[in-house]
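*Asks:* To start, I am sharing the structure in question, which I have written as structure tokens.
The values are calculated or read from the model by the stated rules, or taken from the named source; none is laboratory data. Keep in mind that this is a model prediction, so the values were computed, not measured. Ideal geometry is used to build each Cβ from the backbone, glycine not excepted, and the neighbour counts take in all protein chains shown.
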Amino acid sequence: MTAAAPPPPPPPGAPGAAATPGPTAAAAGTALAEPPAIHLRGVTKRFGPTQAVAGIDLDVPAGSLVGLIGPNGAGKTTTMKSIAGLLAPDTGVVQVFGNDPIRQPGIVRRLVGWMPDFFGVYGGLSVHEYLDFFAAAYKVPKGARAQRVDDLLELVRLADKRHTDVEGLSRGMQQRLGLARALVHDPEVLLLDEPASGLDPRARIELREILRALHGDGKTVLISSHILTELAQMCDSVVIMDSGGVVASGRTADLQASLFGGHTGVRIRLPDPSGTDAAVEAARSLGAAVEHVQPGVVYLRVAGADTEVAALVRSLIGAGVDVAELTQKRQDLEELFMSLTTRAAPAGTPPPTNPPTEGSQG
Ligand SMILES: Nc1ncnc2c1ncn2[C@@H]1O[C@H](COP(=O)(O)OP(=O)(O)OP(=O)(O)O)[C@@H](O)[C@H]1O
């Protein structure tokens, strides 16, 4: 797993971190100075005839925001539950800052906040009482509890709902309350199982902003979804699962580039259509393949990913071309997902090469 952020030192609340030697990052191949927040090796889990998880290796560096993506039944929930210590794997190693969730449940429970894809709320409790109840259950000291609950309500933007019955909250608000519940003991690692499912676009954006704030605070966040674009917008890196295994992992831009023969689709919109020829020339001078041109809009493919797109921007500016908008072709992410997950397409099926259209741009 490529690091989404430079790993900060292990948190004080990670007792195993200092004692355990740092393992090697599975996908990135770089030696880590400290144990990753989450470390899985050869993890398997079977339910009767179903191989839910089939030998997963995964490292999530401390402080990173990583998306776990896969179609229904890929094994995401089973993987997350094994990290939270809610399920014992049949074989393999699971560690949270070097601690085994099954053998050291007390330590791991303190380190991990778990938000299930579905959680019940207890009617008859106000939002404040609900969080206070969980704060007490997590042994947050009585004197600190009221402040902790207030801070969480501010964070998840439910301060004005503190006296509302939890059953009276909208779906989006209940999701945010569930997030606050997962945070009540101030865990270092957050495991969020499909937190955006069933939310409208505004609620998704609000959730994304809260997660970014938590990421900014140095929390490690592993978030699952079966919608790749949803996670690509908020995560620097993703792990794609299918049929119980990891089929790809890394930064989304790198995954796109590697899958599409090292090319990135780009759309450039100009404020003044008279600059179109100059834009085409500047792009060609960099070796970009110009795919489609219309007045004021140029579609092209550059060899590489973010670095090469940045070079393209410099070249355009250097050529005196004003750019109103530059977008990387987001649809590639869906193509990536479809081509990597067997249920959607047989393994090895090349990604579809749709001609660029206005509607296909992200
Ligand atoms: N407790 C269980 N008993 C039997 N089978 C189970 C159990 N939990 C999971 N499975 C099976 O294991 C496989 C992986 O399930 P899991 O819930 O981990 O997938 P998922 O990727 O989270 O799917 P979804 O996106 O639908 O939530 C599925 O085939 C599921 O039916």
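*Asks:* So which residues in segment 39-52 are assigned to a strand (DSSP E or B) and within 7 Å of the ligand (Cβ to nearest atom), if there are any at all? Please lay out each step first, then the result.
*Replies:* Of all residues in segment 39-52, those assigned to a strand (DSSP E or B) come to 39-47, 50-52.
Listed by number, the residues that qualify are 47, 50, 52.
*Asks:* Of these, 309, 302, 297, which one is farther than 24 Å from residue 251 by Cβ and hydrophobic (A, V, I, L, M, F, W, C)?
*Replies:* Values: 309 fails: farther than 24 Å from residue 251 by Cβ; 302 fails: farther than 24 Å from residue 251 by Cβ.
When all the criteria are applied, what remains is 297.
*Asks:* Hey, does segment 212-219 have a residue that's within 16 Å of residue 341 (Cβ to Cβ) and either touching a Leu at 6+ places or on another chain (Cβ under 8 Å) or not assigned by the TED database to the domain that holds residue 173 (or both)? Let's see the steps before the verdict.
*Replies:* Here is the first cut: in segment 212-219, the ones within 16 Å of residue 341 (Cβ to Cβ) are none.
No, the conditions are met nowhere in segment 212-219.
*Asks:* Residue by residue through segment 102-126, note down the ones that are more than 16 Å from the ligand (Cβ to nearest atom) and in contact with a strand residue (DSSP E or B) (Cβ under 8 Å, 6 or more places away or on another chain). Lay out the reasoning, then the answer.
*Replies:* Here is the first cut: in segment 102-126, the residues more than 16 Å from the ligand (Cβ to nearest atom) are 102-113, 120-126.
Those that are more than 16 Å from the ligand (Cβ to nearest atom) and in contact with a strand residue (DSSP E or B) (Cβ under 8 Å, 6 or more places away or on another chain): 102, 107, 108, 111, 112, 113, 123, 124, 125, 126.
*Asks:* What about residue 225, is it over 17 Å from residue 131 (Cβ atoms), surrounded by 23 or more Cβ atoms within 10 Å (Cβ to Cβ) and within 16 Å of the ligand (Cβ to nearest atom)? Please lay out each step first, then the result.
*Replies:* Numbers: over 17 Å from residue 131 (Cβ atoms): yes; surrounded by 23 or more Cβ atoms within 10 Å (Cβ to Cβ): yes; within 16 Å of the ligand (Cβ to nearest atom): yes.
Considered against the rule, which asks whether it is over 17 Å from residue 131 (Cβ atoms), surrounded by 23 or more Cβ atoms within 10 Å (Cβ to Cβ) and within 16 Å of the ligand (Cβ to nearest atom), residue 225 comes out as yes.
*Asks:* Against the definition (assigned by the TED database to the domain that holds residue 115, within 15 Å of the ligand (Cβ to nearest atom), over 22 Å from the mean Cα position of the chain (by Cα) and charged (D, E, K, R)), how does residue 90 come out, yes or no? So that I can check it myself, show each step before the final result.
*Replies:* Working: assigned by the TED database to the domain that holds residue 115: yes; within 15 Å of the ligand (Cβ to nearest atom): yes; over 22 Å from the mean Cα position of the chain (by Cα): yes; charged (D, E, K, R): yes.
Spelling it out, residue 90 is indeed assigned by the TED database to the domain that holds residue 115, within 15 Å of the ligand (Cβ to nearest atom), over 22 Å from the mean Cα position of the chain (by Cα) and charged (D, E, K, R).
*Asks:* Suppose we filter segment 192-222 for residues that are within 16 Å of the ligand (Cβ to nearest atom) and polar (S, T, N, Q); how many remain? Give the steps one after another, and end with the answer.
*Replies:* Kept after step one, since they are within 16 Å of the ligand (Cβ to nearest atom), are these residues of segment 192-222: 192-199, 222.
Right, trim to polar (S, T, N, Q) and you get 197.
Total satisfying the criteria: 1.
*Asks:* Please list, ordered by first then second residue, the pairs with beta carbon atoms under 6 Å, 6 or more apart or interchain, first in segment 249-274 and of a type in the set (Ser, Thr, Tyr), second in a loop (DSSP other than H, G, I, E, B) and at pLDDT 75 or above.
*Replies:* Within 6 Å, the pairs are 264/305.
*Asks:* Six or more apart or on different chains, Cβ atoms under 8 Å: show the pairs whose first residue is in segment 61-84 and near the ligand (Cβ under 8 Å from one of its atoms) and whose second is in a helix (DSSP H, G or I) and among the basic types (Lys, Arg).
*Replies:* Pairs that qualify, where the first residue is near the ligand (Cβ under 8 Å from one of its atoms) and the partner is in a helix (DSSP H, G or I) and among the basic types (Lys, Arg), are 70/76.
*Asks:* Further, regarding this structure: Sort out which residues of segment 60-93 are assigned to a loop (DSSP other than H, G, I, E, B) and small (Gly, Ala, Ser), and write them in order of number. Let's see the steps before the verdict.
*Replies:* Filtering segment 60-93 for residues assigned to a loop (DSSP other than H, G, I, E, B) gives 61-64, 70-75, 85-90.
Scanning segment 60-93 gives 62, 63, 64, 70, 73, 74, 75, 85, 88.
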